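Working notes for the structure below.
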Amino acid sequence: MTTVARTRGLTKRYGSFTALDSVDVSFTEHRIYGLLGRNGAGKTTLMQLLTGQLFASEGEIEVFGRTPVEHSDVLRRLCFIAESQRYPEDFKPSHVFKIAPSFFEHWDAEFAERLIADFRLPLNRRIKKLSRGQLSAVGVIVGLASRAPVTFFDEPYLGLDAVARHLFYDRLLEDYAEHPRTIVLSTHLIDEVANLLEHVVLIDEGRIILDQDAEELRGSATTVAGPSAAVEQFVDGREVMARDRIGGLASATIDGRLTAPERAEAARLGLELAPVSLQQLVVHLTGGALAAEQQKEAAA
Amino acid sequence: MDESRPIFLQIAESIENDIISGELAEGSQIPSINEFAAFHRINPATALKGVTRLVDDGTVEKRRGIGMFVTVGARSRLVARRRDGFAAEYVRPLLVEADKLGIDIDELAGMLREERTKAS
């Protein structure tokens, strides 16, 4: 497995605010990554650092073995699709696709044509006049047709409807199968993309809190629900990620897989077991800080 | 796809089901990894893991440069394996529920026969 990008102790500060705090993470070739986390967690900052758009405050970044900043041979193999890409005044999509080949050495014009038709993108309308979804489609098409060995999609589909999003997932998978490359997908629509991901990196308040194979994460947490006393008895001595209570009923989300005897024990106690989806897991893992903050605010 | 179990296992099982039902005959070619990935909208690495499981237990075989094929005898081996697990997976939970409701064995047997008649 070849590492295409790696950071060590990567830190980015804006004045007294630490956007990224000593991040060690690596990306392997030919994998689809999910870069997940709440707004302001540091996802975009990390991707901007990896694509040479920002200078690090501390730490190292290596992309294809060297720093991405000012190295055009590295940058031509990277593609970063921003959530709200700005284009020059008077630009039309046709201009974007005309200049794209000079930025990306693997640009496939034919593939771009097909995607333009798929997304029904008007080529000769000014970008300023495009709808939010059409603007996102421009980015998605550039990201796919660039065939860049490392492609970052930062919330690429603001305003895209469900049909267009699924079109994006389908084309991404098809093209990835034909032309394997590293894809880093940052999104809040976790349930929609969960099965596309091979690896998940979860970032919270500038730190990596999870860096794991997506398959391993499936079923790695379970919600136990039933009468409070039985739930408490069952989760005693286990790490509980979240708790909820309504009247005499309670539910608790526990970390770790359950063995067959444990499942039988739960059934004997009259408890319901439910798997925790990747999205729910992310909410549990990153929602704690929010709850603590709210408590702090309430106390102040 | 069922959230609680690894997807690669579900992929392997769905291929097994198609072999057991005869949808995929012995000696016939199974879809490619990329076709499975596209159809189920899953990462190709996950689809590969599912199919590899079937290669490892001899249910399908790789023919270099052509694709993957169901082996001869795969169906009977799968049926035998499923029969072994049938009691634990289906009969025992049925009995647990029957006990809870006070349904005795004779009544249960009657219900099974009745359902079988309805189904056929």
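Observations on the model:
- Residue within the range B:77-89 that is away from chain A (no Cβ under 14 Å) and assigned to a strand (DSSP E or B) present: no
- Taken over the range A:31-40, the residue count meeting the criterion of being modelled with pLDDT of 95 or more and either assigned to a loop (DSSP other than H, G, I, E, B) or open to solvent by 50 Å² or more (accessible area, probe 1.4 Å) (or both) is 1.
- Residue in the range A:145-152 that is surrounded by fewer than 21 Cβ atoms within 10 Å (Cβ to Cβ), under 12 Å from the mean Cα position of the chain (by Cα) and more than 10 Å from chain B (Cβ to nearest Cβ) present: no
- Residue count for the range B:1-39, restricted to those that are on the phi > 0 side of the Ramachandran plot and under 13 Å from the mean Cα position of the chain (by Cα): 1.
- Only residues that are in contact with a strand residue (DSSP E or B) (Cβ under 7 Å, 6 or more places away or on another chain), of a type in the set (A, V, I, L, M) and modelled with pLDDT under 95 were counted across the range B:26-56, and they come to 0.
- Of everything listed in (1) within 9 Å of chain B (Cβ to nearest Cβ); (2) surrounded by fewer than 19 Cβ atoms within 10 Å (Cβ to Cβ), the single unmet condition for residue A:195 is (2).
- Odd one out for residue B:42, checked against (1) under 15 Å from the mean Cα position of the chain (by Cα); (2) within 13 Å of chain A (Cβ to nearest Cβ): (1)
Residues are listed down the side, and each one gets a yes or a no for (1) in contact with a helix residue (DSSP H, G or I) (Cβ under 9 Å, 6 or more places away or on another chain); (2) open to solvent by less than 50 Å² (accessible area, probe 1.4 Å); (3) at pLDDT 95 or above; (4) not hydroxyl-bearing (Ser, Thr, Tyr):
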| site | (1), (2), (3), (4) |
| --- | --- |
| A:63 | yes, yes, yes, yes |
| A:70 | no, no, no, yes |
| A:101 | yes, no, no, yes |
| A:117 | no, no, yes, yes |
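- Single match in A:203, A:208 (criterion: surrounded by 17 or more Cβ atoms within 10 Å (Cβ to Cβ), assigned to a strand (DSSP E or B) and either charged (D, E, K, R) or in contact with a Lys or Arg (Cβ under 7 Å, 6 or more places away or on another chain) (or both)): A:203
- Flag for residue B:61 being of a type in the set (Asp, Glu) and within 14 Å of another protein chain (Cβ to nearest Cβ): no
Condition check ((1) touching a strand residue (DSSP E or B) at 6+ places or on another chain (Cβ under 7 Å); (2) at pLDDT 95 or above; (3) open to solvent by less than 100 Å² (accessible area, probe 1.4 Å)) across all residues:
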{"site": "B:75", "(1), (2), (3)": "no, yes, no"}
{"site": "B:79", "(1), (2), (3)": "no, yes, yes"}
{"site": "B:84", "(1), (2), (3)": "no, no, no"}
{"site": "B:88", "(1), (2), (3)": "no, no, yes"}
{"site": "B:91", "(1), (2), (3)": "no, no, yes"}
{"site": "B:98", "(1), (2), (3)": "no, no, yes"}
{"site": "B:105", "(1), (2), (3)": "no, no, no"}
{"site": "B:118", "(1), (2), (3)": "no, no, no"}
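- Close contacts from the range A:93-105, counting a first residue that is assigned to a helix (DSSP H, G or I) and a second that is among the polar types (S, T, N, Q) and buried (at least 19 other Cβ atoms within 10 Å of the Cβ), with Cβ to Cβ under 9 Å and a gap of 6+ residues or different chains, come to A:93/A:134; A:100/A:146; A:103/A:146.
- Filtering A:270, A:237 for residues that are within 14 Å of chain B (Cβ to nearest Cβ), open to solvent by 30 Å² or more (accessible area, probe 1.4 Å) and more than 22 Å from residue B:7 (Cβ to Cβ) leaves a single hit, A:270.
- Across the range A:200-215, the number of residues qualifying as at the interface with chain B (Cβ under 9 Å from one of its Cβ atoms) and in contact (Cβ under 8 Å) with a residue 60 or more places away in the chain comes to 1.
The values are calculated or read from the model by the stated rules, or taken from the named source; none is laboratory data. Note that this is a predicted model, so its numbers are computed, not measured. Reconstructed Cβ throughout: ideal geometry from the backbone, glycine too, with neighbour counts over all protein chains shown. Just so you know, the surface numbers come from the protein's heavy atoms only, side chains and all, with ligands and any DNA or RNA stripped out. Shrake-Rupley method; radii C 1.70, N 1.55, O 1.52, S 1.80 Å.
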